[in-house]
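Have a look at the structure below, then the notes.
Values in this text are rule-based calculations from the coordinates and carry no lab data. Everything numeric in this text was worked out from a predicted model, so none of it was measured. Neighbour counts run over all protein chains shown; Cβ positions are idealised from the backbone, glycine included.
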Amino acid sequence: MTDVRHFSDEELTAFLDGEAGDALHAAIEGALETDAVLAERMAALDLPLGPIVDAYDALLATAPPMPAFDVVIPEPVAARPRGLWAKGVGLFGTGLAAGLAVAVFTGFGTPEPQPRGWISFVASYQALYTTATLAGATPSSQEAEVQLASVSDALGLDLTDLPVAEGLTFKRAQVLGFNGKPLIQIAYLREDGTPVALCIIASGPDDKPLSMGEAEGLDIARWNTPGFGFLLIGGEDAAPLAQEAETFRDWSRDIEA
């Protein structure tokens, strides 16, 4: 009676992966010719390569480009085919490498996101505003002066003589905060009901000219004076925002801390 060798799952997996030694490979390949149970075990351990490769290819198509790394790639070593079970091993390895590349950018191993700046946070907050948010705020001139004096004290900058920008109605002034620093928000409504905010925060010593842009789908105008950063944000029409920003920018050149 011929003894039937029992192969472990590890040995069968090594065979499937093309990593079995010559003796083990020959033994398994010979046993497969007569052992139906072994063939069933092998089929259970074998992976359906087609769907896996398709899935990795789909992920790779939408993945960001790989960064440039200084990697020395060794010369490939040719390996002889290992029978029918070795078919697709190279293809699976390519798909697995692609999947790992995708995982670096979309799953585990994802680099920490860059910190958001104050303008990004302001834009996220301003995007929640609607006409109704400010419509009920109707401060008197005296109340507006009290609010502006309060935020001036918090910021260390006199804002009590804010200019009147054409088309904007003052609604309120409040102190927010960012990274432990006071962030002043002065809210307005345009005549068409668009919420607009002038925001000011302590910043670096450099002047920066007025520049237009967009954040969270809203138009923005930003500039710096020595010690302070300014942002005017609101709406999706850059033309009126640019005119309003020039009014506040010209005023900001003359204020002193």
Practice problem: Evaluate E = 1/(1 + (r/R0)^6) for E19 and E40, where r is the Cβ-Cβ distance and R0 equals 25 Å; express this FRET efficiency to the nearest 0.05. | Solution: 0.70
Quiz prompt | Highest average packing first - 209-220, 139-150, Cβ atoms within 10 Å | solution = 209-220, 139-150
Quiz item: Residues with beta-carbon under 14 Å from that of A144, excluding A144: net charge, scoring Lys, Arg +1 and Asp, Glu -1?
Solution: -1
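Rounded to two decimal places and with Rh computed the Kirkwood way over Cα pairs, what is Rg over Rh for the range 144-237? Please list the in-between numbers first.
On the way: Rg = 13.1 Å, Rh = 13.8 Å.
Dividing the radius of gyration by the Kirkwood radius yields 0.95.
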Practice problem: Using only Cα atoms, locate the centre of the range 129-161 and the centre of the range 191-257, then give the distance between them in Å, rounded to an integer. | Solution: 17
